[in-house]
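Colleague: Could you have a look at this structure, given as structure tokens, before my questions?
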Amino acid sequence: MSDKPAAVQRVEAAAEAKGIRIKVVKTEQSARTAEEAAAAVGAEVGQIVKSLVFRGVDSGKAYLLLVSGANRVESSKAMELTGEALERPDAAFVREATGFAIGGVAPLGGTGDLSVIMDEDLFRYATVWAAAGTPNHVFEVVPLQLRSATGAVVGAVH
Ligand code: 5CA
């Protein structure tokens with residue numbers, strides 16, 4: 001039996017199923033925000049992957065935007081990638097759509113059916129760091145591997 005939280009085990013299993021190898025790191029300090037995660041692993045803020053859930057205004061569908069920690073999503077740009085206007089849902093919707101709590105939402109291993117969009121700026125880095133299911137677990141990944149494991153559409157989001 002692993003003593004890792006179930007959410008972390010889901011992320012690891014999803015990575016393995018997608019054929020990418022990830023090493024999850026437990027942080028001593030909170031890595032709830034991109035700034036905290038950057039400090040915890042000694043990375044640049046831009047290297048942190050924010051996993052942000054949006055809701056399609058027309059469809060009600062959940063979208064997962066993987067955004068560089070240095071960027072803020074501009075909704076008109078994101079709309080060009082999704083084909084519909086987006087809104088920010090509440091925490092309950094995020095939990096429902098992904099199975100993760102805010103602060104630990106991971107780019108893969110979610111329980112729901114998500115369309116994934118990835119910020120092209122993440123490709124500036126050799127590796128990036130994303131949440132692994134809790135506010136205290138992160139993993140490092142090569143951007144191209146993250147894209148292939150999530151099936152993300154890549155584009156400009158800001
Ligand atoms: N573990 C870190 C770094 S990987 C992390 O998960 N960062 S994050 O940016 O992906 O997740 C935090 C984000 O959750 C915030 O940027 C914010 O957009 C969103 N958030 C925070 N509180 C709420 C809330 N009450 N409802 C909806 N979204 C929220």
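The values are calculated or read from the model by the stated rules, or taken from the named source; none is laboratory data. Since we're looking at a predicted model, the values are computed, not measured. So basically every Cβ, Gly included, is an ideal-geometry build from the backbone, and we count neighbours across all protein chains shown. These area figures cover heavy atoms from the full protein model, side chains too; ligands, DNA and RNA do not enter into them. Shrake-Rupley method; radii C 1.70, N 1.55, O 1.52, S 1.80 Å.
Colleague: Taking R0 as 25 Å, what's the FRET efficiency between ALA91 and SER59 from their Cβ-Cβ distance, rounded to 0.05? Please report the intermediate quantities before stating the final value.
Modeller: Details: r = 21 Å, r/R0 = 0.82.
It comes out at approximately 0.75.
Colleague: Would you calculate, for the chain, the mean residue ellipticity at 222 nm contributed by helices, counting each DSSP H stretch of 4 or more residues as -39,500 (n - 2.57) and dividing by all residues, to the nearest 500? Before the final figure, lay out each step's value.
Modeller: Numbers: 5 runs with 44 residues, N = 158.
Using -39500 (n - 2.57) per qualifying helix, the result is -8000 deg cm²/dmol.
Colleague: With springs only between Cα atoms under 10 Å, which of ALA131, ALA85, ALA34 fluctuates most in a Gaussian network model of the chain?
Modeller: Fluctuation is largest for ALA85.
Colleague: While we're looking at this one, here's another question. Can you give the relative contact order of segment 6-155 as a percent, counting alpha carbon pairs under 8 Å and 6+ residues apart? Write down the numbers at each step before the final one.
Modeller: Details: 318 pairs, mean separation 44.7, N = 150.
Reported as a whole number, the value is 30 percent.
Colleague: Still on this structure, please answer the following. If you average 1/r over every pair of different alpha-carbon atoms in the chain and take one over that average, what Kirkwood value in Å do you get?
Modeller: By the Kirkwood definition, the hydrodynamic radius is 15.2 Å.
Colleague: Right, another one. Does segment 84-140 come out rounded, prolate or oblate, given a ≥ b ≥ c as the square roots of the eigenvalues of its C-alpha gyration tensor, rounded meaning a/c under 1.5 and, failing that, prolate meaning a/b above b/c? If you can, show how the numbers build up before the last one.
Modeller: Details: a/c = 2.14, a/b = 1.25, b/c = 1.71.
Note, shape of segment 84-140 comes out oblate.
Colleague: Quick one: pull the percent of accessible area on segment 6-155 belonging to carbon and sulfur, 1.4 Å probe, ligands and nucleic acids left out. Don't skip to the end; give the middle numbers.
Modeller: On the way: 3400 of 7170 Å².
Looking at segment 6-155 in its full context, I get 47 percent from C and S.
Colleague: Leaving out ligands and nucleic acids, and using a 1.4 Å probe, what accessible area per residue does segment 6-155 come to in Å²?
Modeller: Details: 7170 Å² over 150 residues.
Spelled out: the 1.4 Å probe surface of segment 6-155, per residue, equals 48 Å².
Colleague: Which one, ARG21, ARG55, ARG32, has the greatest fluctuation when you compute a Gaussian network model over the chain with C-alpha springs under 10 angstrom?
Modeller: Its mean-square fluctuation being the largest, the pick is ARG21.
Colleague: Shifting gears a bit: As a test, work out the antiparallel percent of DSSP beta bridges whose residues both lie in the chain, rounded to the nearest 5.
Modeller: Working: 16 of 25 bridges.
The answer is about 65 percent antiparallel.
Colleague: Near LYS26, which aspartates and glutamates are there with a Cα under 17 Å away, not counting those fewer than 8 places off in the same chain?
Modeller: In chain and number order, the partners are ASP3, GLU12, GLU35, GLU36, GLU140.
Colleague: With the chain treated as a Gaussian network of Cα nodes joined by springs under 10 Å, which of SER76, SER115, SER68 yields the largest mean-square fluctuation?
Modeller: SER76
Colleague: Can you spot the lysines whose alpha carbon is less than 17 Å from LYS23's alpha carbon? Ignore those fewer than 8 places along the same chain.
Modeller: In chain and number order, the partners are LYS4.
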